């Protein structure tokens with residue numbers, strides 16, 4: 001087993017508006033070289049579970065801006081046939097090869113006061129290279145990837 | 001807005017690191033080749049704006065809305 005280098009184990013304290021002060025490790029920080037679309041000045045995020053270790057819902061919390069966080073989840077939980085279509089350019093930017101462990105996340109939205117009408121942004125999912133802690137919000141096109149995929153809450157695809 | 005005229009195969013350079021080349025002109029469309037550093041994203045404008053808008057809406061979802069959703073999901077899972 002590789003010895004973890006000291007710097008990545010260092011604890012980092014974050015101020016967040018939603019969760020107060022949270023403590024995480026440097027190795028949990030995810031780098032977005034291009035940022036999230038429309039929020040290009042923020043490059044570092046951590047993933048915070050909404051509700052403990054069995055949470056289905058998470059937040060992508062900005063390290064630099066305490067107020068900035070995006071609710072995220074795994075798209076395959078709600079659409080089991082979701083398939084990622086990664087362009088060669090995105091593969092290269094994310095340094096992804098056949099051996100890379102990747103994770104796909106989607107940002108969700110809730111129309112005001114109506115959680116039962118949540119939608120998933122399947123057009124612009126987030127792809128993360130887990131080995132490098134490197135991520136990008138990629139853009140997909142076509143009818144399988146709507147910007148606001150309506151989720152049938154009573155047909156939850158599967159439990160992680 | 002800066003206006004420049006370019007012919008096919010000519011380029012524009014922005015700053016030191018971004019260049020745009022006209023690769024093909026055909027009817028009313030143009031194929032552009034864009035070179036930019038890794039930290040700069042490049043998107044079709046209407047797509048960028050739609051996604052930016054959706055991201056902004058998502059970033060405004062309050063904590064309690066996600067809590068409500070979480071409860072609904074838990075109920076459905078049973």
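Computed from the coordinates by the stated procedures, all read-outs in this text should not be read as laboratory data. Only a predicted model underlies this, so the values are computations on that prediction, with no experimental measurement involved. Glycine gets a Cβ as well: all are built from the backbone with ideal geometry, and neighbour counts include every protein chain shown.
Quick notes
- Model label zone, residue B:47; criterion: amide N under 14 Å from point 7 Å along Cα-to-beta-carbon; scope region A:131-151: A:137-147
- Here the spin labels are modelled as points 7 Å beyond Cα on the Cα-Cβ line, and at residue B:21 and residue A:132 they lie 2.4 nm apart.
- Dividing the summed helix terms, -39500 (n - 2.57) for each DSSP H run of n ≥ 4, by the number of residues in chain A produces a 222 nm estimate of -1500 deg cm²/dmol to the nearest 500.
- Taking one quarter of the surface of the C-alpha convex hull of the protein assembly as shown gives a mean projected area of 16.6 nm².
- Efficiency of FRET between residue A:112 and residue A:9 - r from beta-carbon atoms, R0 41 angstrom, step 0.05: 0.50
- For the segment A:117-123, counting C-beta atoms of other chains within 10 Å of every residue's C-beta and taking the mean gives 3.
- Cα-based shape type of region A:1-105, given that a ≥ b ≥ c are square roots of the gyration tensor eigenvalues and the cut on a/c is 1.5: rounded
- Shape class for region A:3-43: oblate, because the ratio a/c of the largest to smallest gyration tensor axis (alpha-carbon atoms, square roots of eigenvalues) is 1.5 or more and b/c is at least a/b.
- Using the Cβ-Cβ distance between residue A:40 and residue A:81 with R0 = 30 Å, the FRET efficiency computed as 1/(1 + (r/R0)^6) comes to roughly 0.40.
- Percent of beta bridges antiparallel (DSSP, region A:1-151, rounded to nearest 5): 95
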